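Working notes, structure below.
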Amino acid sequence: MLTCPRTESIATQFSIITPSPLQKIEAAWTRFFIGESRKKVEVWCKRDDLLHGVIAGNKWRKLAKPLQEFQLNRASHVLSFGGPYSNHLHALGYCCNQLNIKFTAVIRGAYLKDQAFNRTLQDLNNWNANLVFVDKITYQQKTDENYLATLRKKMSADVIIPEGGSQQDALFGMQAMLDEINMATSSRPFDAILLPVGSGASMAGVIENCSSKLAKHIIGIGVLQGEGYLEGLVNQFLNKDTPHLPWHINHQFHFGGYAKSTVELKTFCKEVNQQQAKQDIPICIEPVYSGKCFFALKTLIQQGYFAPNSKILIIHTGGLQGAR
Ligand SMILES: *Cc1c(COP(=O)(O)O)cnc(C)c1O
């Protein structure tokens, strides 16, 4: 009943490991003080980073339905957009190669074509992706219908997937993720669900599909400077006629912008990853998405934002490939 049968076959084909684990995180920072008295919150992590060795994280969730459709419709040439470290292009490039579908990646940064490829671009190249580097101004047209029509014709692409895989179909896979959480927890609802927000489709998928039995509040952590903008991105995917749980985006933890970082954030990521190496904590994080989200969680707990004994769920959306 719960996982949607239409994406089960594609998930099997890619050996996606579902349900991804739901793990309790025991770390020093899950404890805090009110005056002299020691309190704690219960932190759970949905390990979507473990879904697959290459297509880890929310990019699988977002691509599951489109991939299934490529097969149904016998797509022959898929085109999409992203930056030079894009987790989305990396996941989609891998999948297209596996499915024997031609893939064109339109990459932001014309100068890159004369430089040595980073690991993400090397992988794409090895997977026979057609890499097209464009300058920032051209790249800004990535949602312009005329530009897309021209591109489709010029490249003879039959499917265009937006940047980040963020389209209405992406929400479908987030529903599958929530179904897994529903199956794994029967006790009291989560007081909050936290997840990083880039293009908003993942958060919209959680908002759209989360019931009050599962959670009370959804908190997005903006990974880029975009107060108002990010809320708009999330809203565009929500069904206006159905009620949703309360949600908001916290804009305190972007650390200067997308892929920007500080010594404090880098140190935090390093500490968590060292604890992981010592097996004190089960997770690894990187500074672009998961690091910002975990840093936010830690800080909010320390600030006493959550009531004692609150039950919090953080979604590990993956992304470790970009940090190589
Ligand atoms: C793309 C990405 C996100 C952001 O998801 P959106 O749906 O674009 O908001 C979060 N975490 C990781 C690891 C990602 O790769």
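Structure values in brief
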{"item": "Segment 167-186 residues that are on the phi > 0 side of the Ramachandran plot, paired with ones that are within 15 Å of the ligand (Cβ to nearest atom) (beta carbon under 6 Å, 6 or more apart)", "result": "none"}
{"item": "Looking only at segment 66-84, and only at residues there that are surrounded by fewer than 19 Cβ atoms within 10 Å (Cβ to Cβ) and not small (Gly, Ala, Ser), the one that is nearest to the ligand (Cβ to nearest atom)", "result": "69"}
{"item": "Segment 50-65 - residue that is buried (at least 24 other Cβ atoms within 10 Å of the Cβ) and of a type in the set (D, E, K, R) and, of those, nearest to the chain's Cα centre (by Cα)", "result": "59"}
{"item": "Failed item, numbered, when residue 168 is tested on (1) surrounded by fewer than 20 Cβ atoms within 10 Å (Cβ to Cβ); (2) polar (S, T, N, Q); (3) within 10 Å of the ligand (Cβ to nearest atom)", "result": "(3)"}
{"item": "Cβ-Cβ under 8 Å pairs, at least 6 apart or on other chains, segment 131-151 side of a type in the set (Lys, Arg), far side open to solvent by less than 70 Å² (accessible area, probe 1.4 Å) and in a strand (DSSP E or B)", "result": "142/81; 142/106"}
{"item": "Test result for residue 270, out of contact with any Ser or Thr (no Cβ under 9 Å at 6 or more places or on another chain) and of a type in the set (D, E, K, R)", "result": "yes"}
{"item": "Members of segment 85-95 that are open to solvent by 30 Å² or more (accessible area, probe 1.4 Å) and either in contact with a strand residue (DSSP E or B) (Cβ under 7 Å, 6 or more places away or on another chain) or more than 13 Å from the ligand (Cβ to nearest atom) (or both)", "result": "94"}
{"item": "Subset of segment 90-113 [in a strand (DSSP E or B), among the charged types (D, E, K, R) and either modelled with pLDDT under 95 or over 16 Å from residue 73 (Cα atoms) (or both)]", "result": "108"}
{"item": "Matching entry among 149, 116 (being outside any helix (DSSP H, G or I), more than 14 Å from the ligand (Cβ to nearest atom) and of a type outside the set (Ser, Thr, Tyr))", "result": "116"}
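The values are calculated or read from the model by the stated rules, or taken from the named source; none is laboratory data. Note that the structure is predicted; figures quoted are calculated from it, not measured. Cβ: placed from backbone, ideal geometry, glycine included. Neighbour counts: every protein chain shown. Remember, those area values only see protein heavy atoms, side chains included, never the ligands or the DNA or RNA. Shrake-Rupley method; radii C 1.70, N 1.55, O 1.52, S 1.80 Å.
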